[in-house]
Amino acid sequence: MRVVIAEDQALLREGLARMLRDSGHDVVATLADADGLLETVQWKRPDLVVTDIRMPPTFTDEGARAALAIKHTESDVGVLVLSQHIETTHAVSLVAHRGFGYLLKDRVLEVGEFLATAERVASGGSALDPMVVSTLLSPRSDGPIARLSERERGVLELMAQGLTNAGIANRLVVSERTVEAHVRHILTKLDIAERDDGHRRVLAVLAYLDRAHRT
């Protein structure tokens, strides 16, 4: 896997590069800001970009805007955005694109899980940090998510993180058939059409979450 890293904190930038190289991946470029990120991607042709959401000079959303530009012009490149804090606006707007992930920086310390997420995103999958998903899924007493049982909300969180039914079954230590039943109930209660493609299912869930978050 060819990787480009954009991170203004030198220690984290070099730590990410070393972690990925030690895992057998090829870090083809590292940047301290987002100014030349799109051009670097077009030149280096990576499989994955890992970028901070807040970059110089304003430290607001330079990384998020660069990520969106990459997905618009180089849609086959996976983009994994890292953030110090939960920012759901960027998470929901960007996750509509295949091959996108959004993690809090603390997840980097969970090396195995982080690398698995990076590889999934580079392969066209989706991933949202559990804390971001929990924020989006905070039930309102009068909202449709309140219709879900506690177990169904847990399954929905894992769906939104990008896990397959098999992955959810492994995480919850239940059968895949049980997960399939939960998914059917969730999609029915939320009035979302069930689809075979896993990514399209994630998009359907997140489209619903976006509407719920804005109301």
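Data table
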| read-out | value |
| --- | --- |
| Inter-label distance, nm, simple model (7 Å from Cα along the C-beta direction), residue 75/residue 135 | 2.8 |
| Over the range 2-128, equivalent-ellipsoid semi-axes from the Cα gyration tensor in Å | 17, 16, 16 |
| Under 12 Å, Cβ to Cβ, from residue 131 - net charge with Lys/Arg +1 and Asp/Glu -1 | -2 |
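Bear in mind these aren't lab numbers, they're just calculated from the coordinates by the rules spelled out. Model, not experiment: these values are computed from the prediction. Cβ sites come from the backbone with ideal geometry, for glycine too, and all protein chains shown count toward neighbours.
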